[in-house]
């Protein structure tokens, strides 16, 4: 699985580079002061952003650990971001939160009862800006990794949690989610510009 993660992480970084190059070409064509030009992801000014993560687990110690990591860690990949965690013990309460707040990352316990992480993934797919799902489990074996990644989860986190691994996976998930939505937003603006709207 380490090979898969390394390949995915490299693909994310390459995608960020391609976006920057594509944006630069577009900016050169219409001029840097055109009203639709916005600096591409990763180049914009260092304004801080608030990243919200939803932790869904019936185990209070999961929420406590993740909150501690978010409040007391160096976020080297996302240095200007403020991280906030919301906690939910059930699938139903998590879905209520997700309908109210735009959340980019959901961390869901594998053994969620009632409900399953697969049900959570299916519900996330119905949202307008679906968050990435990270599945957590004490038994994070190759079978769970293969199933989760094959049906659309972003990643799997083994428990007990490793602080560095949590930071790495959360940071990459946020960067990937953010880049996806920036690209969609920019493409919509380009379509409006080219159609004369």
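So residue 91 fits all but one of (1) under 16 Å from the mean Cα position of the chain (by Cα); (2) without any contact (Cβ under 8 Å) to a residue 60 or more places away in the chain; what number is the exception? Result: residue 91 fails condition (1) only.
On inspection, residue 71 fails the criterion of being under 21 Å from residue 181 (Cβ atoms) and modelled with pLDDT under 85. For the stretch 102-144, the tally of residues that are part of a loop (DSSP other than H, G, I, E, B) and over 13 Å from the mean Cα position of the chain (by Cα) stands at 14.
From the list 66, 95, the one residue that fits, being assigned to a helix (DSSP H, G or I) and under 18 Å from residue 158 (Cβ atoms), is 66.
The values are calculated or read from the model by the stated rules, or taken from the named source; none is laboratory data. What you are looking at is a predicted structure, and each value in this text was computed from that prediction instead of being measured. Reconstructed Cβ throughout: ideal geometry from the backbone, glycine too, with neighbour counts over all protein chains shown.
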